[in-house]
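See structure below.
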Amino acid sequence: MIHITPRNVSAAAVQHLRDSGYSSALAKIFAARGISDSKQLDTTLAGLSSFDALKNAREMASLLADAITAKKKLMVIADYDADGATACAVAVRGLRSFGAQIDFIVPNRFEYGYGLTPEIVHLAAQSKPDILITVDNGIASVEGVAEANRLGMQVLVTDHHLPGDTLPDAACIVNPNQPGCAFPSKNLAGVGVMFYVLLALRAELRNRGAFAEQAEPNLGNLLDLVALGTIADVVKLDQNNRILVQQGLQRIRAGRACAGINALLQVAKKDPVRVSSQDLGFTVGPRLNAAGRLDDMSLGIDCLLTDDASAALQIAAKLDALNRERRGIETDMQDSALASLEHIDPKDNFSLTLFDESWHQGVIGILASRLKDKFHRPVIAFARANNAEIKGSGRSIPGLHLRDALDLVSKRHPSLIKKFGGHAAAAGLSIAETDFENFVAAFEQVCGELLSANDLAHRIETDGALDVAEMNLEVTRLLDEQVWGQGFPAPQFNDEFIVQNQRVVGEKHLKLQLRHVTDKTTSHSTSRENDTRQVAGYGKASRLREQLLGGPSRTNEFDSTASGPTLNIQGKLIEAILFGQNEPLPEQIHAVYSLSVNDYNGSATLQLIIRHWQPTGE
């Protein structure tokens, strides 16, 4: 059973935010996310934490400055997801702007796997670089760094993943999660770490007089890439990350994004002027990720590096096609997974671990995420790899730190896991195919010890009921302009509705017209004066009143007897859509929903997106 739970809100925080000028709706939403002071919502670059607090940032900047002066050859070792791709693009674009000779290589996940492995070191060595720079990987590459050192290549590690018991013997490591680092934001994505290294490098070159006769590169030009990688990697949006994302979004909305991001938005039919953090996470990110999942992430990185709009559009079209192919594979894999669970009740277990030899390595992470959402349990999905091994990708729920759980399994069964790494919410690993059942048992035992029945209770947190007076395009657009994501979730509300009309669209979605359940009659006797009183008291009351009442020239479409513009607000028909269901809804529902703008044929209207529903009374 799913429990709909309102988020806790501090009345004092709400009042403080309202006193600071925020509307009632926004004040409640921000307070429910731990904001108690308007300063916490500052998204100017002045609010960024200093790179001086990032351990080894200045040391790496000095090494890079020396390398640029000596005209050494640099090579970026990227990762095959959106964070790795954007981090690579930031590194290449940024270092080139400082005069570096730099190229990149990204491991193909199907041939080489993740990170700076000895095999990748040998591949990189063919280009004879002097220095290897890892982005979004490297903190666990003990063997790879040792091999690079043996071959005479210096290694600079930039990463954000949690370190293991042993750090690689790199010339320099910048990672906010390494021991002894006091950087206040432990949630930087890999692209954020690389951006900070560039900030330190610019300061180092400034101190050396490198810009005495030339303008300093504007690193703000890279923030669109930083925003995309940060959102796509689903890292926690603390204040520092929200600043990076907001500044990147502003660049995109102002038409100053790189050609690749503009092209990815174009193939997704998204207007850059109104792009949101949701668009980066659910529209742009998946198209970029599709290259690494099904093909070669070099394609995605090329898209982000080119300044030719036509070339970027051609690559973006290929990425869009790969993403459509990925969705088809994902659907088949999900159907297969659910079929295998027909005779199993996941509620009997604390975890869910699955393997199918037909599954695609590049899509198992998405599959794990979908199953985690459906069953509210930690899920690891495995696909067949090389050398009699299978690779797993896991997703977890708030009650279980997935990497720590895998670490515990590894300590108890030293030969079971070949390698692993990740975060609290997501991790990857490799095991021998013959050890699958042993791993299932070991992982289930650890999850049973670390999780309680309360952790497994599926709860949907909402921002409560939204007053009809604030259910309009103005509030919707205002919410779309904010930065939402992991740890700072997008607002969703819950209320009871009467299903007035419903029809199937696109074969598998329901288009709905709803009324608030408080309107149970066909009588619409509320006067305009009463409606005005009901609307008054909310932020920007006159504009809201005009929107809700339609102005003096508009008649009320819900009151055929009205001689003037009268409106019972609770009787207002509300457009909504429920994706992925074509079975009819009951007459009355309790729904969790978010606000959205439906742009159709040049007209913008309010539409609710139904995230969850259940019959009233459950």
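The values are calculated or read from the model by the stated rules, or taken from the named source; none is laboratory data. Source: prediction; values computed, not measured. Cβ atoms come from the backbone with ideal geometry, glycine included; neighbour counts cover every protein chain shown.
For the range 222-229, indicate whether the set of residues that are within 30 Å of GLY255 (Cα to Cα), of a type in the set (A, V, I, L, M) and outside any helix (DSSP H, G or I) is non-empty.
Within the range 222-229 (the criterion being within 30 Å of GLY255 (Cα to Cα), of a type in the set (A, V, I, L, M) and outside any helix (DSSP H, G or I)), the answer is no, since none of the residues qualifies.
Here GLY164 qualifies as in contact (Cβ under 8 Å) with a residue 40 or more places away in the chain, surrounded by fewer than 20 Cβ atoms within 10 Å (Cβ to Cβ) and not in a strand (DSSP E or B). Residues being within 30 Å of ASP66 (Cβ to Cβ), surrounded by fewer than 24 Cβ atoms within 10 Å (Cβ to Cβ) and not hydroxyl-bearing (Ser, Thr, Tyr) are entirely absent from the range 268-282. Close contacts from the range 97-120, counting a first residue that is modelled with pLDDT of 85 or more and among the charged types (D, E, K, R) and a second that is surrounded by 16 or more Cβ atoms within 10 Å (Cβ to Cβ) and part of a helix (DSSP H, G or I), with Cβ to Cβ under 6 Å and a gap of 6+ residues or different chains, come to none at all.
Tell me whether the range 333-340 contains one or more residues that are among the hydroxyl-bearing types (Ser, Thr, Tyr), in contact with a Pro (Cβ under 8 Å, 6 or more places away or on another chain) and either under 19 Å from ASP81 (Cα atoms) or in contact (Cβ under 8 Å) with a residue 12 or more places away in the chain (or both). Full working, then the answer.
Of the range 333-340, the ones among the hydroxyl-bearing types (Ser, Thr, Tyr) are 336, 340.
Now drop any that are not in contact with a Pro (Cβ under 8 Å, 6 or more places away or on another chain), which leaves none.
Among the residues of the range 333-340, not one is among the hydroxyl-bearing types (Ser, Thr, Tyr), in contact with a Pro (Cβ under 8 Å, 6 or more places away or on another chain) and either under 19 Å from ASP81 (Cα atoms) or in contact (Cβ under 8 Å) with a residue 12 or more places away in the chain (or both), which makes the answer no.
Residue count for the range 340-373, restricted to those that are in a helix (DSSP H, G or I) and either at pLDDT below 90 or surrounded by 17 or more Cβ atoms within 10 Å (Cβ to Cβ) (or both): 16.
All of (1) farther than 26 Å from GLU330 by Cα; (2) at pLDDT 95 or above hold for GLY394 with one exception: (1). Restricting to the range 452-465, name every residue that is surrounded by 15 or more Cβ atoms within 10 Å (Cβ to Cβ) and either more than 25 Å from the chain's Cα centre (by Cα) or among the charged types (D, E, K, R) (or both). Scanning the range 452-465 gives ASP455, GLU461, ASP463.
Taken over the range 375-403, the criterion of being surrounded by fewer than 19 Cβ atoms within 10 Å (Cβ to Cβ) and under 17 Å from ALA441 (Cα atoms) is satisfied by no residue. Taking the criterion of being within 15 Å of ASP79 (Cα to Cα), touching a residue at least 40 places away in the same chain (Cβ under 8 Å) and not in a loop (DSSP other than H, G, I, E, B), the residues of the range 122-155 that qualify are ALA124, LEU132, ILE133, THR134, VAL135. Condition test on SER336, is it more than 21 Å from GLU449 (Cβ to Cβ) and surrounded by fewer than 22 Cβ atoms within 10 Å (Cβ to Cβ)? Against the criterion (more than 21 Å from GLU449 (Cβ to Cβ) and surrounded by fewer than 22 Cβ atoms within 10 Å (Cβ to Cβ)), SER336 qualifies. The criterion of at least 2 residues that are in contact with a Cys (Cβ under 9 Å, 6 or more places away or on another chain), closer than 18 Å to VAL106 by Cα and of a type in the set (A, V, I, L, M) is met, among helices (runs of 4 or more DSSP H) falling completely within the range 256-316, by 285-294, 298-305. Residue pairs whose Cβ atoms lie under 7 Å apart, separated by 6 or more positions or on different chains, with the first residue in the range 486-499 and under 30 Å from ARG395 (Cα atoms) and the second among the β-branched types (Val, Ile, Thr) and in a strand (DSSP E or B), are GLN492/THR462; GLN492/VAL592; PHE493/THR462; ASN494/ILE4; ASN494/THR462; ASN494/VAL592. Among residues of the range 412-427 that are without any contact (Cβ under 8 Å) to a residue 60 or more places away in the chain and over 15 Å from LEU400 (Cα atoms), those with a beta-carbon under 8 Å from a residue that is assigned to a strand (DSSP E or B) and among the hydroxyl-bearing types (Ser, Thr, Tyr) at least six positions away or on a different chain give the pairs ILE417/SER430; LYS418/SER430; PHE420/SER430. Where strands (runs of 3 or more DSSP E) fall entirely within the range 410-491, those with at least 2 residues that are in contact with a strand residue (DSSP E or B) (Cβ under 9 Å, 6 or more places away or on another chain) and of a type in the set (Val, Ile, Thr) are at 458-462.
Any idea how many residues of the range 414-441 are surrounded by fewer than 18 Cβ atoms within 10 Å (Cβ to Cβ), under 24 Å from LEU456 (Cβ atoms) and more than 28 Å from the chain's Cα centre (by Cα)? Residues in the range 414-441 being surrounded by fewer than 18 Cβ atoms within 10 Å (Cβ to Cβ), under 24 Å from LEU456 (Cβ atoms) and more than 28 Å from the chain's Cα centre (by Cα): 4 in total.
Filtered by the rule that a residue be outside any loop (DSSP other than H, G, I, E, B), farther than 16 Å from GLU433 by Cα and free of Cβ contacts under 8 Å to residues at least 40 places away in the same chain, the range 374-403 gives LYS374, PHE375, VAL379, GLY394, ARG395, LEU402.
Looking at LEU237, LEU223, LEU198, LEU288, which one is in contact with a Gly (Cβ under 6 Å, 6 or more places away or on another chain) and free of Cβ contacts under 8 Å to residues at least 40 places away in the same chain? Before the answer, list the steps.
Details: LEU237 fails: free of Cβ contacts under 8 Å to residues at least 40 places away in the same chain; LEU198 fails: free of Cβ contacts under 8 Å to residues at least 40 places away in the same chain; LEU288 fails: free of Cβ contacts under 8 Å to residues at least 40 places away in the same chain.
Testing whether each residue is in contact with a Gly (Cβ under 6 Å, 6 or more places away or on another chain) and free of Cβ contacts under 8 Å to residues at least 40 places away in the same chain leaves just LEU223.
Is it fair to say ALA53 is among the small types (Gly, Ala, Ser), under 30 Å from GLY365 (Cα atoms) and at pLDDT 95 or above? Outline the logic, then answer.
Values: among the small types (Gly, Ala, Ser): yes; under 30 Å from GLY365 (Cα atoms): no; at pLDDT 95 or above: yes.
No: the conditions fail for ALA53.
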